[in-house]
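Here's the structure we're looking at; comments come further down.
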Amino acid sequence: MFDGNSMTYFNLVKTWNLEDAVHAAHGEEVVDSYSDNEVAQGVRELVRDLFRGIQPEQLDRKSLAILVRRIHSRFGCSRKQLYRLLPVDDLLLDRVL
């Protein structure tokens, strides 16, 4: 891991989910993947907390990018799952992921 290639290390760190690491350290079960319903609930909570309940379809690109980063980080969603649950396109996902 520490072979001097900083991009390898960066990509490894980028994929870590801190919340899962904390749960695992406390002996709690860590979910491997989340259903669309679980992720959709997380989207609703984040939208409520971050954007005062504005629907994802009404968000500007910058706010939508923030939402995608948070959801991807928290739930480890695949591109397909993000496509199903959020109004995203290839360009936005390429920039964010």
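The values are calculated or read from the model by the stated rules, or taken from the named source; none is laboratory data. In this text the structure is predicted, and so the values were computed from the model without any measurement. Neighbour counts run over all protein chains shown; Cβ positions are idealised from the backbone, glycine included.
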Being closer than 11 Å to G42 by Cβ and assigned to a helix (DSSP H, G or I) is the filter; apply it to region 74-97 and report the residue that is modelled with the highest pLDDT.
-> L85
Just checking, how many residues over region 37-67 are assigned to a loop (DSSP other than H, G, I, E, B) and crowded, with 16+ Cβ neighbours inside 10 Å?
-> 1
Would you mind stating whether R70 is within 11 Å of the chain's Cα centre (by Cα), part of a helix (DSSP H, G or I) and of a type in the set (K, R)?
-> yes
For residues that are in contact with a Gly (Cβ under 9 Å, 6 or more places away or on another chain) and of a type outside the set (A, V, I, L, M, F, W, C), scanning just region 68-97, find the one that is surrounded by the fewest Cβ atoms within 10 Å (Cβ to Cβ).
-> R70
